[in-house]
Amino acid sequence: MARRHINGPGHRGECLTASKRLFVNPGLADEQQRRVLLHEMCHIGCPSHGKKFTARLRRLAELGETWATEDAERSAHWHRVNANRLLRQMVTDVAVDRLEWSWIQARRVLAGQMHFQPMVFERTYPWARPAWEKEKREARAFQQRYAQLKAKFAAK
Ligand SMILES: [Zn+2]
């Protein structure tokens, strides 16, 4: 799977796990290229900035690559922010597209998308359910207004 980190925090490289290739922006200074290569190396078989990835960076830090500690923190932060943003969008999509679903059904799908067991998912993202309920209420209200308007004009 192709992974681009052009927009990530300080990532100027790319790791293509499937074709076993690492890319580094050749415009960088030597030391920066070396760090980017190591960062991308940590992505082998591990495309996200999740726990496994940050554990690898922390291991590098233990081996003397002191910069990797900060990179691990930045990467973990970036991962959390993006995971939250991505999930918020999926919550809206599920609520609006599957108005008939119960929370249990929606949660199963959302948890699967985030690679969590449903209960772990609910603990990790406690805001997901209220957000889903709000989206659903709004979608229902919209549907009702539409039905009322349609009935009103049909009566004329
Ligand atoms: Zn990365």
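The values are calculated or read from the model by the stated rules, or taken from the named source; none is laboratory data. Values in this document were obtained by computation on a predicted structure and should not be read as measured data. Quick reminder, even Gly has a Cβ in these numbers, built from the backbone with ideal geometry, and neighbours come from all protein chains shown.
Okay, here's what the table says:
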read-out	value
Scan of segment 26-67 for residues that are of a type in the set (S, T, N, Q) and at pLDDT 85 or above, ordered by number	Gln32, Gln33, Thr54, Thr66
Residue within segment 52-70 that is within 16 Å of the ligand (Cβ to nearest atom), of a type in the set (Gly, Ala, Ser) and surrounded by 17 or more Cβ atoms within 10 Å (Cβ to Cβ) present	yes
Contacts under 9 angstrom Cβ, first residue in segment 62-82 being under 18 Å from Gln33 (Cα atoms) and touching a residue at least 24 places away in the same chain (Cβ under 8 Å), partner part of a loop (DSSP other than H, G, I, E, B) and among the acidic types (Asp, Glu), 6 or more apart	Asp71/Glu65
Which numbered condition Arg35 misses (of (1) without any contact (Cβ under 8 Å) to a residue 24 or more places away in the chain; (2) within 15 Å of the ligand (Cβ to nearest atom); (3) more than 26 Å from His115 (Cα to Cα); (4) in contact with an Asp or Glu (Cβ under 9 Å, 6 or more places away or on another chain))	(1)
Selection status of Ala151, touching a residue at least 40 places away in the same chain (Cβ under 8 Å) and either closer than 30 Å to Pro47 by Cα or part of a helix (DSSP H, G or I) (or both)	no
